[in-house]
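Here is the structure we will look at.
Each value in this text was obtained by applying a stated rule to the coordinates, not by laboratory testing. Everything numeric here is computed off the predicted structure, so don't read it as measured data. For neighbour counting, all protein chains shown are included, and Cβ atoms are generated from backbone atoms with ideal geometry for every residue, glycine included.
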Amino acid sequence: MMGDRRNLLLFAGLGAVSGTIAAGSPFVSPLDWKIEVADVAMLSPMSIDAGLAFGVLFGGLLRYRGLAGTGTAMLYALASTASYFVAVNLALHVIDDLEVAWLTGMIAGLAGSACLTATAAALLPFVRRIGPIALMLAAGCLLGALLDVALADGATFWHALVFFAAWQAGYAAAFATALPLGSRE
């Protein structure tokens, strides 16, 4: 039981670190490029950085702990990047219709977490349990409501930090519930 708590804290903490990197990425990423595909999708640092940071950190952690091979860890990083890309592009299309950032965030958060959770379950057999899957989906959806904070009038780095750190920490903690019992602490 102590290992479970340590795993939960480790994963949540690393999620918060990943979210901090995501919130800070606009200050270090070259933001002057963007590729738009016929009003359907937008590829830019805004649509990939947060997913890439999360995927690289957690793919690396899974590899380090012996829970994933190198190829699987790399696929997890790619899946995280793609899942975030899907969530951002969905949010960009939905927000104009809903005009409510928190609801848009919940929809996009659910979609992004569903993509990443489904891929994680395909790649990592220990994820294939209904309880952890439900927690990951709930975390993605409910914490997506914090998009309202990130998009508030006068939003700053701190607003983005609240959104990204909380979302990624919450999803990571939910993921930790899927870890096999006795996995390395």
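Annotations
- Restricting ALA178, ALA166, ALA152 to residues that are among the small types (Gly, Ala, Ser) and farther than 22 Å from SER25 by Cβ narrows the list to ALA178.
- Hits in region 81-104 (condition: of a type in the set (Gly, Ala, Ser) and under 17 Å from ALA41 (Cα atoms)): ALA82, SER83, ALA87, ALA91
- In region 30-51, residue nearest to THR119 (Cα to Cα) [restricted to those that are assigned to a helix (DSSP H, G or I) and small (Gly, Ala, Ser)]: GLY51
- Qualifying residue in region 6-24 (condition: among the hydroxyl-bearing types (Ser, Thr, Tyr), out of contact with any Pro (no Cβ under 7 Å at 6 or more places or on another chain) and surrounded by 17 or more Cβ atoms within 10 Å (Cβ to Cβ)): yes
- For the residues ALA87, ALA91, the requirement of being of a type outside the set (Phe, Trp, Tyr) and within 10 Å of the chain's Cα centre (by Cα) singles out ALA87.
- Residues satisfying the criterion are absent from region 17-29 (criterion: part of a loop (DSSP other than H, G, I, E, B) and of a type in the set (A, V, I, L, M, F, W, C)).
- Region 52-75, residues that are in contact (Cβ under 8 Å) with a residue 60 or more places away in the chain, assigned to a helix (DSSP H, G or I) and more than 23 Å from GLY24 (Cβ to Cβ): LEU62
- Taken as a whole, the condition of being buried (at least 18 other Cβ atoms within 10 Å of the Cβ) and either more than 23 Å from MET42 (Cα to Cα) or of a type in the set (A, V, I, L, M, F, W, C) (or both) does not apply to ALA118.
Okay, residues lined up against (1) in contact with a Ser or Thr (Cβ under 7 Å, 6 or more places away or on another chain); (2) basic (Lys, Arg); (3) assigned to a helix (DSSP H, G or I):
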position	(1), (2), (3)
ALA77	no, no, yes
THR81	no, no, yes
ASP96	no, no, yes
ALA121	no, no, yes
ASP153	no, no, no
TYR171	yes, no, yes
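- The single condition among (1) farther than 14 Å from GLY24 by Cα; (2) surrounded by fewer than 21 Cβ atoms within 10 Å (Cβ to Cβ) that TYR171 does not meet is (2).
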